[in-house]
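Following: one structure in structure tokens, then a few remarks.
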Amino acid sequence: MTSQPYSAAVGLVERYAAALVSGVPDRPEDDGFFGPASVTWRLAADLSGPVAGLRSVLIQALHPLAMAGVDQHSDWRRDPVGRLAATSAYVATITYGDRASASKAAGRVRAIHEHVRGTDSVTGRPYAAGDPALLLWVHAALVDSALEAARLFGTPLAMADADTYLAEMAVSAELLGVPREMIPDRVSALREYLDGVRPELRCTPAAAESMGYMLDPEGMGEEIAELWQDLRDAALVALPGWARDLYGYQDPPPLTPERRTEIRQTLGVFDAVFTAEPGVLEARQQLTLRMRAARG
Amino acid sequence: MRLAVVAAGGASIAALAVLGRRRRRGGRSLRVERGLTALRLAARGGARYASNAPRLFASAGEHRQQLRNDLALRTAEDVAATLGTMKGVLMKLGQMASYVDDGLSPAARRTLSRLQDSVPPMSAELAAQVVTEELGSPPERAFATWDPEPIAAASIGQVHRAITHDGRAVAVKVQYPGIAETIAADLGNVALLRRMLKITAPSQDVDALLAELRERITEELDYRREARNQQLFADYYEGHPTISVPRIVPELSTRRLVTSELADGARFAELVDGSGWSQAERDLAAETIYRFVFRSLYEAHAFNGDPHPGNYLFRSGGRVTFLDFGLVKHFTAEEMQPLAAMVKHLCVDNDPEGFRRAMVQAGFLIPDAPVSTPLVVKHMAVFYDTVRERGPRTMTGEYASAVTRTFFDFRSPLAAYARIPRSYVILQRINLGLFALLGELHATADWRGIAEEIWPFFQGPPCTPMGAAEAAWRSRRPVGTNPVPFGQ
């Protein structure tokens, strides 16, 4: 593995804001694969989003082949923020774009995945980014994290809505080449799937290094580091016990109502800062209007 | 520098990192340009309350009006999502920080101002629901006439026009439901607030500032306090030749509702730009504002901490209506005494050592600071520039900037020994708000002469026609009401 340092990320907020703004179309041809009445749109706007994102990456990185693909092929080390912003932009386009834009974006990602192949130096196993098994893992970590983060820190979904969410989101994995029948479309199926993959998971050095950095980034001011601490705690609380065990993280203290409130307040601050980025407020207002119209 | 990386989908989590980073990069060089910007921001701060601002919501055109209606908050849950989890607190903080500290980074400034813009009005139904809960009957019955369209936004509520059953035209400020509880809970997270303040206002004594801001914000949540304050000012200035304060309708005012007489007049922007207003009119309006601020302070020991341009309505002859008393600070005699002593020693007695002693007594300067008294005077003189000598002086934007610049000049040899005690935090608004406002009016007056009239240790004769009219008003008042501190 390399020891190339993560490079400084310039224009961090702008890139994330641009990611959302780019995904929300001005004049969509249709409501896309989800639409304003979907559970997906509701969950995508949840306050717990940053926790979901962090938890999702923490889980995804535990699959050695997924981690190797990211580590060896993408700009991850040179420009980690850019790499994640690109993923954000993709997710926003799939979520909010019309069908043509979403399909086009998925096509681009599939084309990139074609070239991401190699051998994981830890397990010695070959991998290919287009492998449906890996794509499904990334998908499952994402949807599971969205549900879990909302349950703990946002507006929890009723069980029926959670099932609906998984059924809705199946199309996003399908767009990247996962056969429909492989994709868990109920909470119980998702649990089974996650349990089944667990023996393959491990914390490789690349995962330990990348995630250690994400949880405790250097170079932040003291006060910001303290805010980050809340987010890190939230993600660790939200992680399954087995994932914490693999990383060797200590079990966090139980989530008291007071601590939950504090974390929600920190999330509110993050949300406020993000809202101030150019175009974000307008994009969100546009989505709110469409969601309201859809609900009547 | 290595910066945070962020999880996919967690777009906002890194935002703060950049906020802090920019602050450091901005550093001192930017301070110079920030002076008046603070006031402009406050002015722009979006939709601030003014009881007759029928254009506020509609100002950006009909489409925007429609948009706001479509986005209106319909339920208490909508309010919580929009203003809960710290966002309402940040908004209030932004409002106050815009005058408390010009050390805000541009990013912090943008965040706080956009946050204010991001709050849509309540739907007519939700506003009516609050009125019903507060008055026990729906607005159509509680009032003879009720206008369901809000005419202006308040920071944690909105203003509706109505006519009472006894025929008075009134402005009714309606608080967002649930907002007081949310903000009170969020104010309890002192650790997070302290971090936010350290990031946004790094140069301040964070704990004193935080304590003061928490107290002021908490007070603002209970409209009954605002109603009381407004009525105190209204009573105090009853019959004043140029100052007027809309009277409260107490039976229609509650914790979440303030009903006051509807006032009318030109907005600040019209006074500044409008062709209908001469410089002489602007000078008179400025004189009235100046008299209001310092009479209230020296005689009533009260300071309305929100002299935001949206809170005035102007009529000819220097008549000004003062609105919004949500942020009133009352001073004790002990707190006022050293402030008056500083002015007296510096501007009247020409006693630099006495000035310095008073500064120490007030807590502005630590005792035995290793700086010479002439240096202290040199640094502080700018604040008293307009009242050092008799004669007409013109307030300018440059002067306001100089005041602000000096205030925040952390390179000054005084900086290490200077403090702003908690009770005086709000007074910075005089420096950062009032002077900027008067500067924008480009107002000329014999400020020293007016100050001499008002200074309790001077009691000078009237020096302007308005001063004469004010003296006549004062002589008509019942014996013993001059001066009448409002008390705590």
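State which residue pairs qualify: first residue within 16 Å of B:SER244 (Cβ to Cβ) and inside the stretch B:461-475, second residue part of a helix (DSSP H, G or I) and of a type in the set (Val, Ile, Thr) in any location, beta carbons under 9 Å apart, and separation of 6 or more residues or different chains.
B:MET466/B:THR288; B:MET466/B:ILE450
Report whether or not A:ARG151 is modelled with pLDDT under 95, in contact with a helix residue (DSSP H, G or I) (Cβ under 9 Å, 6 or more places away or on another chain) and not aliphatic (A, V, I, L, M).
Details: modelled with pLDDT under 95: no; in contact with a helix residue (DSSP H, G or I) (Cβ under 9 Å, 6 or more places away or on another chain): yes; not aliphatic (A, V, I, L, M): yes.
Judged against the criteria, A:ARG151 is not a match.
B:THR404 is checked against (1) in a helix (DSSP H, G or I); (2) modelled with pLDDT of 90 or more; (3) closer than 24 Å to B:GLU335 by Cα and fails just one. What number does that condition carry?
Among (1) in a helix (DSSP H, G or I); (2) modelled with pLDDT of 90 or more; (3) closer than 24 Å to B:GLU335 by Cα, B:THR404 violates only (2).
Please determine whether any residue of the stretch A:182-205 is touching a Lys or Arg at 6+ places or on another chain (Cβ under 9 Å) and modelled with pLDDT of 95 or more. Lay out the reasoning, then the answer.
Here is the first cut: in the stretch A:182-205, the residues touching a Lys or Arg at 6+ places or on another chain (Cβ under 9 Å) are A:184.
Those left that are additionally modelled with pLDDT of 95 or more: A:184.
Yes; the residues of the stretch A:182-205 include at least one that is touching a Lys or Arg at 6+ places or on another chain (Cβ under 9 Å) and modelled with pLDDT of 95 or more.
A:ALA283 is checked against (1) away from chain B (no Cβ under 11 Å); (2) part of a helix (DSSP H, G or I); (3) more than 15 Å from A:ALA45 (Cβ to Cβ) and fails just one. What number does that condition carry?
(3)
For B:GLY188, indicate whether it is within 26 Å of the chain's Cα centre (by Cα) and within 15 Å of B:ILE217 (Cβ to Cβ).
On the way: within 26 Å of the chain's Cα centre (by Cα): yes; within 15 Å of B:ILE217 (Cβ to Cβ): yes.
Considered against the rule, which asks whether it is within 26 Å of the chain's Cα centre (by Cα) and within 15 Å of B:ILE217 (Cβ to Cβ), B:GLY188 comes out as yes.
Is it true that some residue in the stretch B:355-373 is at positive phi and in contact with a Pro (Cβ under 8 Å, 6 or more places away or on another chain)?
Yes, some residue in the stretch B:355-373 is at positive phi and in contact with a Pro (Cβ under 8 Å, 6 or more places away or on another chain).
Go through B:LEU213, B:LEU284, B:LEU297 for me and flag whichever is closer than 28 Å to B:VAL343 by Cβ, part of a helix (DSSP H, G or I) and at pLDDT 95 or above. Walk me through it before giving the result.
Details: B:LEU213 fails: at pLDDT 95 or above; B:LEU297 fails: at pLDDT 95 or above.
Answer to the check: B:LEU284.
For B:THR182, state whether it is of a type in the set (Ser, Thr, Tyr) and away from every other protein chain (no Cβ under 14 Å).
Working: of a type in the set (Ser, Thr, Tyr): yes; away from every other protein chain (no Cβ under 14 Å): no.
No: the conditions fail for B:THR182.
Condition first: part of a helix (DSSP H, G or I) and touching a residue at least 12 places away in the same chain (Cβ under 8 Å). Now tell me which residues in the stretch B:141-177 satisfy that. Lay out the reasoning, then the answer.
The first filter runs over the stretch B:141-177 and keeps only residues part of a helix (DSSP H, G or I), leaving B:141-142.
Matches in the stretch B:141-177: B:ALA142 only.
In the stretch B:278-297, what residues are surrounded by fewer than 20 Cβ atoms within 10 Å (Cβ to Cβ) and under 23 Å from B:HIS330 (Cα atoms)?
None - no residue of the stretch B:278-297 is surrounded by fewer than 20 Cβ atoms within 10 Å (Cβ to Cβ) and under 23 Å from B:HIS330 (Cα atoms), so the list stays empty.
Going through the stretch A:3-29 one residue at a time, which ones are assigned to a loop (DSSP other than H, G, I, E, B) and either modelled with pLDDT of 80 or more or more than 12 Å from every other protein chain (Cβ to nearest Cβ) (or both)?
Of everything in the stretch A:3-29, those that are assigned to a loop (DSSP other than H, G, I, E, B) and either modelled with pLDDT of 80 or more or more than 12 Å from every other protein chain (Cβ to nearest Cβ) (or both) turn out to be A:SER3, A:GLN4, A:VAL24, A:PRO25, A:ASP26, A:ARG27, A:PRO28, A:GLU29.
Determine, yes or no, whether A:ALA238 is more than 8 Å from chain B (Cβ to nearest Cβ), among the small types (Gly, Ala, Ser) and over 30 Å from A:PRO126 (Cα atoms).
Numbers: more than 8 Å from chain B (Cβ to nearest Cβ): yes; among the small types (Gly, Ala, Ser): yes; over 30 Å from A:PRO126 (Cα atoms): yes.
So A:ALA238 fits the description; yes.
Is it true that some residue in the stretch B:128-136 is buried (at least 19 other Cβ atoms within 10 Å of the Cβ), within 14 Å of chain A (Cβ to nearest Cβ) and in a helix (DSSP H, G or I)?
No, the stretch B:128-136 contains no residue that is buried (at least 19 other Cβ atoms within 10 Å of the Cβ), within 14 Å of chain A (Cβ to nearest Cβ) and in a helix (DSSP H, G or I).
Within the set of pairs 6+ apart or on separate chains, which have a first residue in the stretch A:144-171 that is more than 22 Å from A:ALA106 (Cβ to Cβ), a second that is surrounded by 18 or more Cβ atoms within 10 Å (Cβ to Cβ) and aromatic (Phe, Trp, Tyr), and C-beta atoms under 8 Å apart?
A:LEU147/A:TYR165; A:LEU157/A:TYR165
For the stretch A:232-269, name all the residues that are in contact with an Asp or Glu (Cβ under 6 Å, 6 or more places away or on another chain), touching a residue at least 60 places away in the same chain (Cβ under 8 Å) and farther than 22 Å from A:ARG202 by Cβ.
A:ILE263
Please go through the stretch A:278-296 and give me each residue that is under 22 Å from the mean Cα position of the chain (by Cα) and hydrophobic (A, V, I, L, M, F, W, C), ordered by number.
A:VAL280, A:LEU281, A:ALA283, A:LEU287, listed by residue number.
Which of the residues belonging to the stretch B:422-457 are under 17 Å from the mean Cα position of the chain (by Cα) and not hydrophobic (A, V, I, L, M, F, W, C)? Even if it seems obvious, please write down each step before you answer.
Of all residues in the stretch B:422-457, those under 17 Å from the mean Cα position of the chain (by Cα) come to B:422-440.
Passing the criteria: B:ARG422, B:SER423, B:TYR424, B:GLN428, B:ARG429, B:ASN431, B:GLY433, B:GLY439, B:GLU440.
The values are calculated or read from the model by the stated rules, or taken from the named source; none is laboratory data. Remember, it's a predicted structure, so these values are computed and weren't measured experimentally. Here the Cβ is made from the backbone with ideal geometry for all residues, glycine too, and neighbour counts use every protein chain on show.
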